[in-house]
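S.K.: Before I ask anything, let me first share the structure, which is written out below as structure tokens.
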Amino acid sequence: VHLVESGGGLVQSGGSLTLSCTTSPSITRFKSMAWYRQAPGKQRELVASIFTLSCTTSYADSVKGRFTISRGYSEDTVLLQMKILRPEDTAVYYCNANGFLRGDEFWGQGTQVTVSS
């Protein structure tokens, strides 16, 4: 299993970025996908998640109304659209996949998002 994130970068406060997670095999291999983030000196936190079959989503309170997680047009992509970015959104963002068996969990290498004030 491989998860590869892309789309991170430097953006000004109030700007937008879209992160992409490409999976191998396709996301239908997994029960759910999620995006986590970890800022310097802080614990990794769950940002958003999506069940791959129902497309039911959930979000951390800090990003509700600003971030959207979705399946991409292809069967191997999950997106995180981020709008109205704030400096406190600065972190390394990680793609996460959970399989249908307990303990079946995978992580990407992460992509840096930096929001300047």
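S.K.: Could you list, by residue number, the cysteines of the chain that have no other cysteine's beta carbon within less than 4.7 Å of their beta carbon?
M.R.: That list is Cys55.
S.K.: I've got another one for you. Report the net charge of residues surrounding Val115, where surrounding means a beta-carbon distance below 9 angstrom and charges are Lys +1, Arg +1, Asp -1, Glu -1.
M.R.: With Lys, Arg at +1 and Asp, Glu at -1, the neighbours total -1.
S.K.: To the nearest 20 debye, what charge dipole does the chain have about its Cα centre, counting +1 at the Cβ of each Lys and Arg and -1 at the Cβ of each Asp and Glu? List each step's numbers first, then the result.
M.R.: Details: 11 positive and 9 negative charges, 39 e Å.
That gives a dipole near 180 debye.
S.K.: Per residue, how much accessible area does the range 1-99 have with a 1.4 Å probe, in Å²?
M.R.: 50
S.K.: Can you tell me the relative contact order of the chain? Whole percent, Cα pairs under 8 Å, sequence separation 6 or more.
M.R.: About 36 percent, as a whole number.
S.K.: Also, I was wondering about something else. Give the carbon-plus-sulfur fraction of the accessible surface of the chain in %, rounded to a whole number; probe 1.4 Å, heavy atoms of protein chains only.
M.R.: Within the chain, the accessible surface is 51 percent carbon and sulfur.
S.K.: For the chain, place one equal point scatterer on every Cα, skip the solvent, and apply the Debye formula. What is log10 of I(q)/I(0) at q = 0.15, 0.21 Å⁻¹?
M.R.: Relative scattering, expressed as log10 I(q)/I(0), comes to -0.59, -1.14.
The values are calculated or read from the model by the stated rules, or taken from the named source; none is laboratory data. No experiment lies behind these values; they were computed from the predicted model shown. Here the Cβ is made from the backbone with ideal geometry for all residues, glycine too, and neighbour counts use every protein chain on show. Note: areas computed on protein heavy atoms with side chains; ligands, DNA, RNA excluded. Shrake-Rupley method; radii C 1.70, N 1.55, O 1.52, S 1.80 Å.
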